[in-house]
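Colleague: Okay, here's the structure, questions in a sec.
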Amino acid sequence: MIVPATTENIERAARLLRDGELVSFPTETVYGLGANARNAAAVGKLFAAKKRPADHPVIVHIAEAAAAARWARAIPSGAQALARAFWPGPLTLILPRAQGVSDAVTGGQDSVGLRVPSHPVAQALLAQFAQRDGHGIAAPSANRFGRISATTAQHVADDFGAEIALILDGGPCPHGIESTIVAFAGDTAILLRPGALSVEALERVLGRPLSSSVAGAPRAAGMLATHYAPRTPARLMRSPELADALAQLAQPGAHIAVLAHSVAQPPDFEGTWFDAPTHDTAYAQKLYANLRALDALAADEIWIEAPPDGPEWHAVRDRLRRATDRA
Ligand code: TXA
Ligand code: MG
């Protein structure tokens, strides 16, 4: 059930979490599907609802950086610097887990993912949950496993319907793309998933480059080749390739749905055309809503114009590659 994120409803959500139920809430990145991180049965419900394999860890959302010590047994100095600079905000840190953190949360790994969200509704929910002795909300993105993430309350309802007790509606998520995930192997910082926070911003604070991968680095589900994927076959095409394919399209042909940001719609095009925002942050904010809307058309194919090469498009390129990988 979708309800507005009023104080009363946030309190209700906190009570439901305490009682072992699932609630969905907005964050600045995407909607999360939350459960009491200290209740293994409740976390189990998350995996069942998402149809997510049990060995994929979930992020624990905490109210403030000071709470990290409950979940992590060590916080390398680099991680402390990142937390100081970017929490609350769209950064997830993967840290060695503390004793007592359930395998249900960590997927059996020796690490735990932590994030302090900045969205006022997420913050208020964490505060209300703390008043009921709750210490962290385990929350993956509120979508079925492998599918397109949810950036509105309606997206969450479309995926889960009546399966979850409550969906707090806080409007569309401001970033629209998931948090950036950084793991630490000793003091080496490793980028596990590009996201709403740029690599440049992280490196400025760290004072050194992020590693892109290290043998034995923790696994992350968002790293699977196929993820964030529409059901409709989708192709990622460079701008000239898209323009050529459009010029050669037989009319009347198959129903093609296009997501473009610089290529113009040909006058005789008979499919469905979406013009995406041309600015990177606006593009990201609308990305999942656009992919969901394109998928709902049940077209024969979705053609997506590849985004530009610049670093500001890193996370968008990553998501589009995974959305269109047929492997
Ligand atoms: O922006 C976000 O991060 C959103 C909002 C709701 O906070 N959450 C999110 O969760 O994207 P999810 O579960 O869809 O993706 C989290 C990723 C997964 O790929 C998971 O494998 C990885 O984080 N992860 C979580 N804990 C981990 C750990 N201990 N070690 C390695 N990867 C971990
Ligand atoms: Mg996800």
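Colleague: Can you pull out the residues in region 200-229 that are buried (at least 20 other Cβ atoms within 10 Å of the Cβ), over 15 Å from the mean Cα position of the chain (by Cα) and either within 21 Å of residue 50 (Cβ to Cβ) or at pLDDT below 95 (or both)?
Modeller: Of everything in region 200-229, just one residue is buried (at least 20 other Cβ atoms within 10 Å of the Cβ), over 15 Å from the mean Cα position of the chain (by Cα) and either within 21 Å of residue 50 (Cβ to Cβ) or at pLDDT below 95 (or both), namely 218.
Colleague: Could you count how many residues in region 61-99 are within 16 Å of ligand 2 (Cβ to nearest atom) and not hydroxyl-bearing (Ser, Thr, Tyr)? Break it down stepwise before answering.
Modeller: At the first step, the residues of region 61-99 found to be within 16 Å of ligand 2 (Cβ to nearest atom) are 61, 90-92, 94.
With the extra rule that they be not hydroxyl-bearing (Ser, Thr, Tyr), the set shrinks to 61, 90-91, 94.
Summing the residues that are within 16 Å of ligand 2 (Cβ to nearest atom) and not hydroxyl-bearing (Ser, Thr, Tyr) in region 61-99 gives 4.
Yes/no matrix, rows are residues, columns are (1) of a type in the set (Asp, Glu); (2) touching a helix residue (DSSP H, G or I) at 6+ places or on another chain (Cβ under 6 Å); (3) surrounded by 14 or more Cβ atoms within 10 Å (Cβ to Cβ):
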{"position": "257", "(1), (2), (3)": "no, yes, yes"}
{"position": "271", "(1), (2), (3)": "no, no, yes"}
{"position": "278", "(1), (2), (3)": "no, no, no"}
{"position": "282", "(1), (2), (3)": "no, no, no"}
{"position": "310", "(1), (2), (3)": "no, no, no"}
{"position": "320", "(1), (2), (3)": "no, no, yes"}
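Colleague: Take residue 67 and decide whether it is within 14 Å of ligand 1 (Cβ to nearest atom), in a helix (DSSP H, G or I), at negative phi and modelled with pLDDT of 95 or more. Even if it seems obvious, please write down each step before you answer.
Modeller: Values: within 14 Å of ligand 1 (Cβ to nearest atom): no; in a helix (DSSP H, G or I): yes; at negative phi: yes; modelled with pLDDT of 95 or more: yes.
No, not satisfied.
Colleague: Please go through region 155-199 and pick out each residue that is among the β-branched types (Val, Ile, Thr) and either surrounded by fewer than 23 Cβ atoms within 10 Å (Cβ to Cβ) or touching a strand residue (DSSP E or B) at 6+ places or on another chain (Cβ under 9 Å) (or both).
Modeller: As a first pass, look at region 155-199 and keep what is among the β-branched types (Val, Ile, Thr): 156, 164, 167, 177, 180-182, 188, 190, 199.
Hits for region 155-199 are 156, 164, 167, 180, 181, 182, 188, 190, 199.
Colleague: Filter region 266-325 down to the residues that are hydroxyl-bearing (Ser, Thr, Tyr) and assigned to a helix (DSSP H, G or I) and list them by number. Full working, then the answer.
Modeller: If we filter region 266-325 for residues that are hydroxyl-bearing (Ser, Thr, Tyr), which is where we start, we get 272, 278, 281, 283, 288, 324.
Of everything in region 266-325, those that are hydroxyl-bearing (Ser, Thr, Tyr) and assigned to a helix (DSSP H, G or I) turn out to be 281, 283, 288, 324.
Colleague: Can you spot a residue in region 134-147 that is within 13 Å of ligand 2 (Cβ to nearest atom), of a type in the set (S, T, N, Q) and out of contact with any Gly (no Cβ under 7 Å at 6 or more places or on another chain)?
Modeller: Yes, region 134-147 contains at least one residue that is within 13 Å of ligand 2 (Cβ to nearest atom), of a type in the set (S, T, N, Q) and out of contact with any Gly (no Cβ under 7 Å at 6 or more places or on another chain).
Colleague: Sticking with this one: In this structure, does residue 80 turn out to be more than 30 Å from residue 12 (Cβ to Cβ), polar (S, T, N, Q) and either out of contact with any strand residue (DSSP E or B) (no Cβ under 9 Å at 6 or more places or on another chain) or surrounded by fewer than 23 Cβ atoms within 10 Å (Cβ to Cβ) (or both)? Please lay out each step first, then the result.
Modeller: Numbers: more than 30 Å from residue 12 (Cβ to Cβ): yes; polar (S, T, N, Q): yes; either out of contact with any strand residue (DSSP E or B) (no Cβ under 9 Å at 6 or more places or on another chain) or surrounded by fewer than 23 Cβ atoms within 10 Å (Cβ to Cβ) (or both): yes.
Taking the combined requirement at face value, the residue satisfies it.
Colleague: Condition first: of a type in the set (Asp, Glu) and in contact (Cβ under 8 Å) with a residue 24 or more places away in the chain. Now tell me which residues in region 247-298 satisfy that. Before the answer, list the steps.
Modeller: Step one: of region 247-298, the residues of a type in the set (Asp, Glu) are 268, 270, 275, 280, 295.
Listed by number, the residues that qualify are 280, 295.
Colleague: Within region 95-148, can you find the residues that are within 11 Å of ligand 1 (Cβ to nearest atom), assigned to a helix (DSSP H, G or I) and among the polar types (S, T, N, Q)?
Modeller: Once the filter is applied, which keeps residues that are within 11 Å of ligand 1 (Cβ to nearest atom), assigned to a helix (DSSP H, G or I) and among the polar types (S, T, N, Q), region 95-148 yields only 106.
Colleague: Pick from region 121-145 the residues that are in contact with a strand residue (DSSP E or B) (Cβ under 8 Å, 6 or more places away or on another chain) and of a type in the set (A, V, I, L, M): which of them is surrounded by the most Cβ atoms within 10 Å (Cβ to Cβ)?
Modeller: The qualifying residue surrounded by the most Cβ atoms within 10 Å (Cβ to Cβ) is 125.
Colleague: Same structure, new question: For the structure I just gave you, tell me whether residue 195 is within 16 Å of ligand 1 (Cβ to nearest atom), closer than 18 Å to residue 286 by Cβ and at pLDDT 95 or above. Please lay out each step first, then the result.
Modeller: Numbers: within 16 Å of ligand 1 (Cβ to nearest atom): yes; closer than 18 Å to residue 286 by Cβ: yes; at pLDDT 95 or above: yes.
Yes, satisfied.
Colleague: Of the residues in region 156-183, how many are more than 14 Å from ligand 1 (Cβ to nearest atom) and acidic (Asp, Glu)?
Modeller: Total meeting the criteria: 3.
The values are calculated or read from the model by the stated rules, or taken from the named source; none is laboratory data. A quick note: this is a predicted structure, and the numbers were derived from the prediction, not measured. Virtual Cβ from ideal backbone geometry, glycine too; neighbours counted across all protein chains shown.
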